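First the structure, in the form of structure tokens, and then the observations on it.
The values are calculated or read from the model by the stated rules, or taken from the named source; none is laboratory data. Since this is a predicted model, take the numbers as computed values, not measurements. Here the Cβ positions follow ideal geometry from the backbone for every residue, glycine too, while neighbour counts run over all protein chains shown.
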Amino acid sequence: MSIISAIRSYLKDYTGLASGAPVWVDYLGAIPTEYSVVPLAGNKIVEQYVDGSSLREYPFAFRSVESTAADLERLENNGFFEAFADWLESQTEAGNFPTLDSGQTPELIEATGWGYLYEQGNSDTGIYQIQCRLLYKQE
């Protein structure tokens, strides 16, 4: 299983997602509410060890298309991403991680910043995004 596929499956278990909303990879529709996991550019190897193993990072963004017509909706959208970041932190503390391939051991999953309005269109919808990373050891 690819890392992005493992992350997608893992994030689908977050109970804060809108009921029945799809979680895509590299795609986001135009109708609220949908989610997407998007790989980001970054250094793959964080640290190389003498035994040949390495500490690696998989940066990704978690996005959603949301209604932005009312101030209350925009506040709720930002609150969703605050709660999501807290959830990732609690998952790391509890040792609950995406299931990776053999030889890959997850060590941390976290938001690396705050969620924000990434793109506002001409309609009453917008794309929100939070940048995250999965840190894992590669044997």
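Identification of strands (runs of 3 or more DSSP E) wholly contained in the range 1-65 with 3 or more residues that are closer than 18 Å to TYR116 by Cα and in contact with a Phe, Trp or Tyr (Cβ under 9 Å, 6 or more places away or on another chain) yields 34-39.
Restricting ALA94, ALA85, ALA111, ALA6 to residues that are among the small types (Gly, Ala, Ser) and farther than 16 Å from TYR136 by Cα narrows the list to ALA85. For the range 62-103, residues that are crowded, with 19+ Cβ neighbours inside 10 Å, over 16 Å from the mean Cα position of the chain (by Cα) and under 17 Å from CYS132 (Cβ atoms) total 0. Is it the case that some residue within the range 50-57 is basic (Lys, Arg) and modelled with pLDDT of 95 or more? Yes, there is a match, as at least one residue in the range 50-57 is basic (Lys, Arg) and modelled with pLDDT of 95 or more. Of all residues in the range 47-74, those that are within 13 Å of ILE109 (Cα to Cα) have Cβ atoms under 7 Å from Cβ atoms of residues that are among the small types (Gly, Ala, Ser) and surrounded by 11 or more Cβ atoms within 10 Å (Cβ to Cβ), 6 or more apart or on another chain, in GLU57/GLY42; PRO59/GLY42. Just one of the numbered conditions (1) at pLDDT below 95; (2) out of contact with any Asp or Glu (no Cβ under 7 Å at 6 or more places or on another chain); (3) part of a loop (DSSP other than H, G, I, E, B) is not true of ALA69: (2). Residues that are out of contact with any Phe, Trp or Tyr (no Cβ under 9 Å at 6 or more places or on another chain) and at pLDDT 95 or above within the range 89-124 comprise GLU89, SER90, THR92, GLU93, ALA94, GLY95, ASP101, SER102, GLY103, GLU110, THR112, GLY113, listed in sequence order. Take the conditions (1) closer than 23 Å to TYR136 by Cα; (2) touching a Ser or Thr at 6+ places or on another chain (Cβ under 7 Å); (3) among the charged types (D, E, K, R); GLU66 misses just one of them, which is (1).
Screening PRO39 against (1) touching a residue at least 60 places away in the same chain (Cβ under 8 Å); (2) closer than 24 Å to SER90 by Cα leaves a single unmet condition, (1).
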